[in-house]
Ligand SMILES: [Zn+2]
């Protein structure tokens with residue numbers, strides 16, 4: 001008796017540590033992620049947007065992809 005109970009208590013305490021504040025930091029990430037902006041019409045996109053979608057948008061804008069999104073970095077090419 002004693003040791004087993006202590007170990008159990010420690011395990012339960014450790015399980016409570018992770019997870020707190022995740023929702024808040026996720027919001028911040030979402031804000032920061034809205035950094036793909038069409039330079040022609042100022043429409044914003046998440047930086048995780050697929051290049052296909054941006055290309056489709058630039059077509060609608062009647063501009064080249066590089067004109068609408070000169071700073072776009074394809075996340076799949078990293
Ligand atoms: Zn546009």
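Quick notes on this one:
- Simple spin-label estimate for residue 41 and residue 66 gives 2.3 nm between the two label positions (7 Å along the Cα-to-Cβ direction from each Cα).
- Residues within the reach of a label modelled at residue 48 (point 7 angstrom out along Cα to beta-carbon, backbone nitrogen below 18 Å), restricted to the range 61-75, are 73-75.
- Cα-only Debye scattering, the range 26-73: base-10 log of I(q)/I(0) at q = 0.15, 0.17, 0.22, 0.26 Å⁻¹: -0.35, -0.44, -0.69, -0.90
- Peptide ranges 44-52, 63-71 listed from the most packed, as the mean C-beta count within 10 angstrom indicates: 63-71, 44-52
Read-outs throughout are calculated quantities, based only on the coordinates presented, and are distinct from any laboratory measurement. What you see is a predicted model, and the numbers here were worked out from it, not measured in a lab. All Cβ positions, glycine included, derive from the backbone under ideal geometry; neighbour counts span all protein chains shown.
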